[in-house]
Each structure stands twice: as structure tokens, then as C-alpha cells.
Amino acid sequence: MSDTFKNSKVHHFGFLVLPGFSLIALAAAVDALRLANRFSRSEIYTWKTIAENDEHLLASNGLTFKPDLSINTEDTFDYLFVCGGASVRNTWTTSIGKWLTKKDQQGAVLGGLCTGTYILAKAGLLDGYRCTIHWENIASTREEFPDLNITDDVYEIDRNRYTSAGGTSPIDLLHHIISTHHGRELASEVSEGFLVDHIRNMSDPQRTPLRQRLGTSQPKLSEAVMLMEANLEDKLTLKELSNLINLSQRQIERLFSRYLNSTPSKYYQNLCLRNARRLLLQTETPIIEISILCGFTSSSHFSKCYKDKFGEPPRNERRFLSQQR
């Protein structure tokens with residue numbers, strides 16, 4: 001056993017798994033702890049999975065999962081992460097909220113993996129904290145919790161709140177935690193064990209920047225798209241966009257045609273429709289309100305554009321979703 005870790009404090013992690021949770025997010029976090037133990041040749045981390053009851057759960061990929069504990073079992077944790085999935089709103093219960101509040105009062109660091117952030121927000125445990133959530137859920141979570149400080153970074157650490165966007169981003173978050181506890185050398189060994197050659201920082205965005213997706217440097221085009229994304233309800237005109245980025249309207253049209261194979265207006269509309277779809281599937285906001293929030297002048301025009309884009313009118317898609325729950 002290495003002298004470096006022989007007398008180290010053992011940190012106890014708990015993972016509250018919800019029905020339909022993201023298995024990759026949970027596995028990434030747990031395996032980071034496992035590799036830390038392996039490379040330190042010492043049990044510096046322990047972990048347990050918890051669910052609301054003792055029943056088996058289905059992960060988002062359909063695999064069956066048996067948690068170690070239920071929330072009715074008394075246990076203490078240094079870190080407690082909530083791991084959610086796509087339909088996280090359907091997994092909220094007041095029992096879970098009370099249990100998380102109790103663990104917070106006991107001194108546990110609370111966190112969210114993937115959409116677990118939503119459960120913490122619903123319990124009122126993210127008030128006054130900076131946090132992140134999977135990018136598909138940012139719009140709907142901001143709509144439900146307008147005062148919440150949500151970023152689009154891969155992970156956020158704000159005092160005793162640790163949130164991660166899901167997917168493989170728990171590797172980045174756990175790299176930071178392991179590095180803080182036991183140094184960069186061990187954290188780097190863990191990353192190498194994952195065959196990860198680049199660890200993202202807290203300030204890195206979840207989604208690949210447009211500049212990287214295009215494989216070229218087009219700062220003006222990236223700036224135009226960012227302005228569009230920031231102004232979905234009150235859409236900018238091409239003239240306003242032209243003035244803001246200091247390019248002629250014709251130059252903007254050429255950039256969109258060459259690099260995005262679209263007109264500015266069509267690209268803008270698709271941004272609005274994708275945002276509308278997230279709100280439609282993740283919230284109970286009335287369809288007419290969604291159409292307004294996403295910059296459409298009438299619900300009939302919104303419905304037509306939505307059907308052209310996704311193959312079904314918004315009312316049918318929401319009805320189908322409710323039947324699947």
C-alpha cells in the first residue's frame with residue numbers, strides 16, 4: 001500500500017438513482033472512484049447506490065438495475081449525487097425531496113448527474129447556487145425555475161453543490177474531486193485508465209462550439225449564431241444582426257450558405273423549433289405559450305412549421321409522449 005494514501009480519509013459517495021436514469025453518467029462516476037482505489041492501492045473511496053424503494057429499476061437504455069439501499073435505510077455520505085434521465089420530472093416525489101433535505105442538513109455535499117439537477121432544484125436545494133444540467137433540459141428547467149442560475153458548462157462546482165451535465169462529463173467532475181483530495185498525479189492515472197486524453201474544465205461548454213464543428217475559424221458566423229440562440233423569443237432581423245456583428249447582410253447570407261447550407265432565416269427558425277420541441281416534451285407549458293416563447297407570431301404558423309420539421313404537429317407529439325408515461 002502506498003504511503004501517500006495509507007492514512008487518507010475515506011470519502012463515502014452515495015448515488016440516488018431514479019427510474020430511467022442515465023447509466024453512462026452513473027458508470028462514469030462510479031468507475032472513476034473504482035480506478036482511484038485501484039491506482040492508489042487503497043480504499044480511499046466507497047460508494048453505494050440508493051433508490052426510493054428496494055425495487056429493481058430500469059435505466060434509460062433498458063437494462064435492469066438493483067440499488068444497494070432504499071432511502072428508508074439510515075446511512076451517511078460525504079457526497080450524494082442524484083442521477084436522472086430523460087423523463088426526470090415524472091420521478092419527483094416529496095419523499096425524495098425530504099430525504100435530500102435531510103442529507104443536506106447532515107452535511108453531505110449534494111450533486112446532480114445528467115438531469116439529477118432538476119430534482120435538487122425541485123427540492124429547493126439549488127436556490128442561490130450556480131448549476132448545470134444536460135443541454136437538452138436547459139430551456140425547460142429555466143422555464144420552470146426562472147431564478148435558477150443555470151449554465152451550459154460540462155460541470156459546475158458552487159460551494160457544496162456539484163452538478164454535471166451527464167454523458168461522460170462525470171469523468172471531468174470526478175477528475176477535479178480526486179485531484180482535490182489526492183493530487184493531480186492520481187487523477188491523471190484515473191483519466192489514463194479511461195483512455196481519456198483530454199479533461200475538460202468547469203468552464204468548458206457542453207456542446208462542441210460551432211467553430212470546431214465547422215473545422216474552420218469563422219468568428220463572425222459563430223457570433224451570429226450565438227446572438228440568434230440568445231434571442232429566440234424576440235427574434236433579431238437580419239438588419240439588426242448585421243449591425244451587431246458589423247457585417248453586411250449579403251456577407252451574412254454567404255456565410256450561412258457556405259458553412260451551414262442554410263439561409264439565416266431558415267437556420268434561425270430551426271433553432272426556435274428545436275427549443276420549442278424541448279419545451280413541448282419536457283414541460284406542461286401550453287402549446288400557444290410555447291409558440292410565443294419561441295418567436296412564432298401565431299399558433300397555426302408554429303404548428304405548420306413544427307410538422308414540416310418533425311413530421312407531427314406539436315399537439316400529436318405531446319399526446320404521444322403522455323401515452324408513453
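Could you please put Arg319, Arg277 in sequence from largest to smallest accessible area, using a 1.4 Å probe?
Ranking Arg319, Arg277 by accessible area, largest first, yields Arg319, Arg277.
How high is the relative contact order of the chain, in percent, counting Cα pairs under 8 Å that sit 6 or more residues apart?
Numbers: 532 pairs, mean separation 42.3, N = 325.
After rounding, I find 13 percent.
Shape of segment 84-214 from its Cα gyration tensor (a ≥ b ≥ c, root eigenvalues): rounded if a/c is under 1.5, otherwise prolate when a/b > b/c, or oblate?
On the way: a/c = 2.10, a/b = 1.31, b/c = 1.60.
Note, shape of segment 84-214 comes out oblate.
Where does each of 56-63, 150-157 land if you order them by average Cβ count within 10 Å, highest first?
Answer by packing, highest mean first, reads 150-157, 56-63.
Rounded, prolate or oblate: which one fits segment 5-51, using the alpha carbon gyration tensor with axes a ≥ b ≥ c (rounded when a/c is under 1.5, else prolate when a/b beats b/c, else oblate)? Could the numbers behind the result be given before it?
Numbers: a/c = 4.82, a/b = 2.04, b/c = 2.36.
Note, shape of segment 5-51 comes out oblate.
Using a 1.4 Å probe, what is the accessible area per residue for the chain, in Å²?
Value for the chain: 51 Å² per residue.
So how much accessible area does Asp78 have, in Å² to the nearest 10, using a 1.4 Å probe?
Solvent-accessible area, nearest 10 Å²: 40 Å².
Counting only protein heavy atoms and using a 1.4 Å probe, what share of the accessible area of the chain belongs to carbon plus sulfur, as a whole percent?
In the chain, the share of accessible area belonging to carbon and sulfur is 47 percent.
How do 23-29, 91-97, 219-225, 113-119 rank on mean C-beta neighbours within 10 Å, highest first? If you can, show how the numbers build up before the last one.
On the way: 23-29: 21.9, 91-97: 15.4, 219-225: 18.3, 113-119: 30.0.
So the peptides 23-29, 91-97, 219-225, 113-119, ranked by packing, come out 113-119, 23-29, 219-225, 91-97.
For the cross-link pairs Lys102/Lys122; Lys66/Lys122; Lys266/Lys304; Lys266/Lys307; Lys48/Lys103, which exceed 19 Å when the distance is taken from alpha carbon to alpha carbon? Kindly include the intermediate steps, with their values, before the conclusion.
Numbers: Lys102/Lys122 15 Å; Lys66/Lys122 25 Å; Lys266/Lys304 14 Å; Lys266/Lys307 15 Å; Lys48/Lys103 15 Å.
Over 19 Å apart, Cα to Cα: Lys66/Lys122.
Among the Cys residues of the chain, which have no other cysteine Cβ under 4.7 angstrom away?
Cys83, Cys114, Cys131, Cys305
So what is the relative contact order of segment 133-185, in percent, for Cα pairs below 8 Å that sit 6 or more residues apart?
On the way: 37 pairs, mean separation 15.6, N = 53.
Rounded, it is 29 percent for segment 133-185.
Need one number: nm distance between label points at Glu43 and Ser248, each 7 Å from Cα along Cα→Cβ, rounded to one decimal.
That separation, rounded to one decimal, is 7.2 nm.
Considering only Leu186, Leu126, Leu238, give the residue with the highest GNM mean-square fluctuation for the chain, with springs between Cα atoms whenever their separation is below 10 Å.
Highest fluctuation among the options: Leu238.
What distance in nm lies between label points placed 7 Å from Cα along the C-beta direction at Ser298 and Arg318?
Result for the modelled spin labels: 1.9 nm.
In what sequence, highest mean first, do 10-21, 248-259 appear when ranked by Cβ atoms within 10 angstrom? Intermediate results must be reported in sequence, preceding the final value.
Values: 10-21: 22.2, 248-259: 14.5.
Taking the mean over residues of other Cβ atoms within 10 Å, the ranking is 10-21, 248-259.
Show that you can apply the helix-only estimate: for the chain, add -39,500 (n - 2.57) for every DSSP H stretch of four or more residues, divide by all residues, and state [θ] at 222 nm to the nearest 500.
Mean residue ellipticity at 222 nm (helix-derived): -14500 deg cm²/dmol.
The values are calculated or read from the model by the stated rules, or taken from the named source; none is laboratory data. All of these numbers come straight from a predicted model, not from anything done at the bench. Virtual Cβ from ideal backbone geometry, glycine too; neighbours counted across all protein chains shown. These accessible areas exclude ligands, DNA and RNA; they are computed on the full protein's heavy atoms, side chains included. Shrake-Rupley method; radii C 1.70, N 1.55, O 1.52, S 1.80 Å.
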